[in-house]
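The values are calculated or read from the model by the stated rules, or taken from the named source; none is laboratory data. Keep in mind the model is a prediction, meaning the values are calculated, not measured. Please note: Cβ atoms are built from the backbone with ideal geometry, for glycine as well, and neighbour counts cover all protein chains shown. These accessible areas exclude ligands, DNA and RNA; they are computed on the full protein's heavy atoms, side chains included. Shrake-Rupley method; radii C 1.70, N 1.55, O 1.52, S 1.80 Å.
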Amino acid sequence: MPSDSSRRTSLFLLALLTLVGLVTGACGGGGSSGDGGGTPAQDAAPVTVRLGYFPNVTHATAIVGVEKGIFQEKLGTDKLEVSTFNAGPAAVEALFSEALDATYVGPNPAINAFVKSRGEAIRIISGATSGGAALVVQPEIADAADLAGKKVASPQLGGTQDVALRSWLKDNGLKTTPEGGGDVSVVPQENSQTVETFKSRDIAGAWVPEPWATRLVSEGGGKVLVDEATLWPKGEFVTTHLVVRTKFLQKHPGAVARLLDGQVAANAFIAANVGEAQSLVNHGIEKVTSKRLADSVIAAAWKNLHFTNDPIAASLATSAKHAEDIGLLEKVDLDGIYDLGPLNAVLRKAGEKEVPNP
C-alpha cells in the first residue's frame, strides 16, 4: 500500500494540476469585448457575419469594404453575407429578428433599438461617417414658412433624416405628426422614389442623405435650403456608425474584432485612394439600385462627407433629445449603448489614434 506521505504527495499534485487547468481555462475561454489589445481569439469554427448597409454615399465605408474585398480579407475564414436597406428602421428590425449580426445605420435607429430592447439588443462599436445630409427644396421655397401646407419627404419614419427634418420644422414653428399631418406633411419614401416625386413636383422638398441630396439638385433642379452640418458644433455629427447585436458580440468577439479590422482598413483606404473609393461606391450603388450615377454627382456628394472611426457620441445624445422633443421617443438613458473597447484595440494595433469612450 502507498504510504501516507505518498498519498499526500499525490493529492497535492492532483490539486495543483486542477488549479492550473482552472486558471488556464479562465484565461483562454469565452472572449471579451474589452480593450485588451491582443490578437482576437479565432472562433472554434468559421463564423458567418451577416452585415447590413445602405446604397448611399454616407455608407461609403461599408460599400468600399465590401466591393474592395477588405472585409472578407480581414475576416479570414469567416464568411461575409451582406444585405442592403433603404433606411435604418428596417435594418434594426433585421437585427431584432437575428437576420443580421451587424449593420451600418444612423443614430436614431440605433437609439430606438437600444431603447426598445431596454439596453440589451445592440451596441455601437464604431463610427463611419459624419455629414452628408441636407434639406433640398423646390426653387421657389425660400424658408421654412414656405413649406406650410406642403409635402416633404424623408427616407423612413423614425430614421435619422426623418428626425432631423421634424426637429428643424419644430424649431421653425411648424408641427408634424407621425401620420403625415400637421402644418407640413412628412411622407416616408425610398430615396430613389423621392428623386421622381421631386422631379414631378409632387413634393416640395426632402431631407435626404448623399448622394440623394446632390441628385435632387443636379437632376431635379432643387436647391439646398439646409445643410445639416450647419446645425451642429464644428459641423460634426454622426451620420453613419456600425452597430452589432450584443449577443453576437458576446459569442463571437474575435469575429467582431476582425470586422472592425475591416472597418478601420476601409476608412484608411478611402483616405488614401479617393478616386478609386468613389468609383467603388458608384459601382456598389449601381449593383443595388440598377442605376450608375454620374461621376460628378459622387464627387460633389463626397465633399460633404467626413469618414471617421469616431462615432461622435455627443451628437448621438443630441439626436435622442431631438426625437424626444418631437414625440417620437420617450426620455431615454443611453448609458451602455457604446462598446468601443474592441475598436480601440484595433486602432492601437494599426497605430492610429484611439477614440474617446463616452
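Between Ala268 and Asp143, what FRET efficiency comes out of the Förster formula 1/(1 + (r/R0)^6) with R0 = 56 Å and r the beta carbon distance, rounded to 0.05?
0.85
Just for the Cα atoms in the chain, what are the lengths along the principal axes, largest first, rounded to whole Å?
Computed over the Cα atoms, the extents are 103, 43, 34 Å.
Using the 2.2 N^0.38 Å rule of thumb for compact globular proteins, work out how region 208-247 stacks up: its C-alpha Rg over that value, please.
Compared with the compact-globule rule of thumb, region 208-247 sits at 1.60.
Round to a whole number: what % of the accessible area of region 265-358 belongs to carbon and sulfur, probe 1.4 Å?
50 percent
Determine the percent antiparallel among the DSSP beta bridges restricted to the chain, to the nearest 5. Present the calculation step by step, with values, prior to reporting the outcome.
Values: 24 of 39 bridges.
Close to 60 percent.
I need the helices of the chain that pass two filters: whole DSSP H segments spanning 20 Å or more by Cα along the axis, and mean Kyte-Doolittle score no lower than 0.0.
Span-like helices, by this rule, are 4-28, 253-272.
What aspartates and glutamates does Lys291 reach when the alpha-carbon gap must be under 14 Å and sequence neighbours fewer than 8 apart in one chain are set aside?
Excluding near neighbours in sequence, the set is Glu196, Glu219.
If the chain between Arg292 and Thr77 were fully stretched, how many nm would it gain, using 0.36 nm times the residue separation less the Cα-Cα distance?
74.2 nm
So how compact is region 312-358: Cα radius of gyration and Dmax in angstrom?
So, for region 312-358, Rg and Dmax equal 14.2, 43 Å respectively.
Using just the Cα positions, wrap region 66-162 in a convex hull and report its mean projected area in square nanometres, one decimal place.
For region 66-162, the mean projected area of the Cα convex hull comes to 8.9 nm².
Considering the zone a paramagnetic label at Lys150 would reach in this model (a point 7 Å from Cα along the Cα-to-Cβ line), which residues of region 209-226 have amide N under 16 Å from it?
So the set is 216-217, 220-226.
Length gain on complete extension for the stretch Lys175 to Asp333, per 0.36 nm per residue less the alpha carbon to alpha carbon distance?
Stretched out fully, the Lys175 to Asp333 stretch lengthens by 54.3 nm.
Averaged per residue, what accessible area in Å² does region 132-247 show with a 1.4 Å probe, protein chains only?
Value returned for region 132-247: 39 Å² of accessible area per residue.
Rounded, prolate or oblate: which one fits region 225-358, using the alpha carbon gyration tensor with axes a ≥ b ≥ c (rounded when a/c is under 1.5, else prolate when a/b beats b/c, else oblate)?
It is oblate, given that a/c is not under 1.5 and a/b is not larger than b/c.
Taking 0.36 nm per residue of separation and subtracting the Cα-Cα distance, what length does fully extending His306 through Glu354 add?
The span from His306 to Glu354 would gain 15.6 nm if fully extended.
Sorted from largest down, what three extents in whole angstroms do the Cα atoms of region 110-265 have along their principal axes?
Dimensions of region 110-265 along the principal axes of its Cα atoms: 54, 32, 31 Å.
Rounded to the nearest Å, what's the spacing between the alpha carbon centres of region 316-345 and region 193-254? Just the number, please.
Answer, in whole Å: 19.
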